[in-house]
1. On the given criteria, is V251 under 27 Å from D325 (Cβ atoms), open to solvent by less than 50 Å² (accessible area, probe 1.4 Å) and either in contact with a His (Cβ under 7 Å, 6 or more places away or on another chain) or in contact (Cβ under 8 Å) with a residue 60 or more places away in the chain (or both)?
2. Could you give me the residue pairs with C-beta distances under 7 Å whose first residue belongs to region 193-211 and is free of Cβ contacts under 8 Å to residues at least 40 places away in the same chain and within 16 Å of G234 (Cβ to Cβ), whose second residue is open to solvent by less than 70 Å² (accessible area, probe 1.4 Å) and acidic (D, E) wherever it lies, and which are 6+ apart or on separate chains?
3. Among the residues of region 255-274, is any surrounded by fewer than 19 Cβ atoms within 10 Å (Cβ to Cβ), out of contact with any Leu (no Cβ under 6 Å at 6 or more places or on another chain) and not in a loop (DSSP other than H, G, I, E, B)?
4. I need the full set of residues from region 95-114 which are touching a residue at least 24 places away in the same chain (Cβ under 8 Å), closer than 15 Å to T54 by Cβ and within 29 Å of the chain's Cα centre (by Cα), in order please.
5. Of (1) under 30 Å from G171 (Cα atoms); (2) among the β-branched types (V, I, T); (3) open to solvent by 20 Å² or more (accessible area, probe 1.4 Å), V355 satisfies all except one. Which?
6. Out of A314, A282, report the one residue that is of a type outside the set (V, I, T), touching a Ser or Thr at 6+ places or on another chain (Cβ under 6 Å) and either touching a residue at least 24 places away in the same chain (Cβ under 8 Å) or open to solvent by 40 Å² or more (accessible area, probe 1.4 Å) (or both).
7. Among the residues of region 350-364, is there at least one that is within 30 Å of G177 (Cβ to Cβ), part of a helix (DSSP H, G or I), within 44 Å of the chain's Cα centre (by Cα) and not hydrophobic (A, V, I, L, M, F, W, C)?
8. Taking region 117-151, which residues are over 26 Å from the mean Cα position of the chain (by Cα) and closer than 25 Å to A209 by Cβ?
Amino acid sequence: MVSPEPAAPVVAAKHAQVQAFVSGVGEGADEQAAYESAQAKLAESLLGDARWLTFTPVTLHDRAQDPYEAVQTSGGWEVAIGLDEGRAATTLDAMTYAKPTFEGPEVWHDALYQVLATHAAKVVCERRASLYAMACDAAPTDEDDARLRRLGEDLHLASVVTGGVPTDASGVVLRPGGIVVTWNGAPVEGLPLEIERPDGTRSGTQTNAAGVADLSIEVGSKWPGSFVVHVDGGRMVGPVDSQSAWPSLEVQARTLDAHRWALVFEDGTRADDAFAKGLRTALRGDLGDPVTLDAKVIKALRTVGPAERARVLAALADTMGGALDVVVLVKAQSRFASRAGGSRVWFEASSQVVVHEVWGAGELGRGKVEATASGVGDRRADEAARRELAQKASKRVLDVLRPG
């Protein structure tokens, strides 16, 4: 009978380890990645929050002189690093005198610098007390924290186009999406933002000199859903961000709204006669007060041809920033029709109505309406016909717009 060979002893996988006052162990696909992970762990051990390394430029670990061990494992690398008691104290001292570095608007530089410096000093004091059993009498941070919160409270985020990103009835994007950020009413430049897309992905950006940041929505694409814009306080104050009060904004689509309308009477049609007054009154009852347009814009819309009119309308949409969606263009005329006997006469009137949306400068509908009415004398008959025409023209406009 052959005796079985003894089983080979199980050798425990080796792990990276060091003897140190404070230490950290990290893993990664390669040695450098594992080392970077270990530095973050060491920073947590020494400072309580690894983010302080980003905002206070100190050298945490020197692999040439401080404890270091790297081990290749079946899944990659493991690195252990540490600091002896003296080096830990030296690093804390360096952090005390380091000047914070950060992103943020130039106008906020002093406030952000001060809150980071004050908290860094407090962290050093508290970590010394914890690691070396020393007394800590850190300066209070309340005043700087309150100043940081006020920055957020005085900040306002809004869609560049009032109400959101313009889309047509089928949900196709008509204008690029963007937001504008103001602080105490003035545009703020260089503010870090995080854009959360409908699919959950996030990307960073910052405001330009006009306080505007792009949402990267392609014109002509289908609206994907709401975007959420956050102020990225982590890029400005990192570990102190818990003291802030930043606003956020959900940017939604905005479809055409018939209640954002304007009325323009084409060349040759008076804007103050019985027809104009009647049409304006009738439409106001269903659509609300019309948007007031600049006299130069009105003149251009009354006189230019179709191609140039489209350009004027599209430019008008951007200029108005969301206050206007629809322009109703109307022309009307009237004439003597016949005598009804005695001094009573008949007048007939006709009108051409064109309803435009301004974002794509497309027609929503058009039509011709006619009316006939009688009155004593030409003037009264003419006014009666024009009033009747106004009622029919208003019905035609409302049939196109179908306001809710």
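1. Details: under 27 Å from D325 (Cβ atoms): yes; open to solvent by less than 50 Å² (accessible area, probe 1.4 Å): yes; either in contact with a His (Cβ under 7 Å, 6 or more places away or on another chain) or in contact (Cβ under 8 Å) with a residue 60 or more places away in the chain (or both): yes.
Judged against the criteria, V251 is a match.
2. L193/D232; E194/D232; R202/E194; R202/E196; G204/E194; G204/D232
3. Within region 255-274, none of the residues are surrounded by fewer than 19 Cβ atoms within 10 Å (Cβ to Cβ), out of contact with any Leu (no Cβ under 6 Å at 6 or more places or on another chain) and not in a loop (DSSP other than H, G, I, E, B).
4. P100, T101, F102, E103, G104, L112, listed by residue number.
5. For V355, the failing item is (3).
6. Working: A314 fails: touching a Ser or Thr at 6+ places or on another chain (Cβ under 6 Å).
Just one listed residue meets the conditions, A282.
7. Taking region 350-364 as the starting set, the residues that turn out to be within 30 Å of G177 (Cβ to Cβ) are 354-364.
The next check asks that each one be part of a helix (DSSP H, G or I); those that pass are none.
There is no residue in region 350-364 that is within 30 Å of G177 (Cβ to Cβ), part of a helix (DSSP H, G or I), within 44 Å of the chain's Cα centre (by Cα) and not hydrophobic (A, V, I, L, M, F, W, C).
8. None - no residue of region 117-151 is over 26 Å from the mean Cα position of the chain (by Cα) and closer than 25 Å to A209 by Cβ, so the list stays empty.
The values are calculated or read from the model by the stated rules, or taken from the named source; none is laboratory data. Source: prediction; values computed, not measured. We place every Cβ from the backbone using ideal geometry, glycine too, and count neighbours over all the protein chains shown. Ligands, DNA and RNA are excluded from the accessible area calculation, which covers all protein heavy atoms including side chains. Shrake-Rupley method; radii C 1.70, N 1.55, O 1.52, S 1.80 Å.
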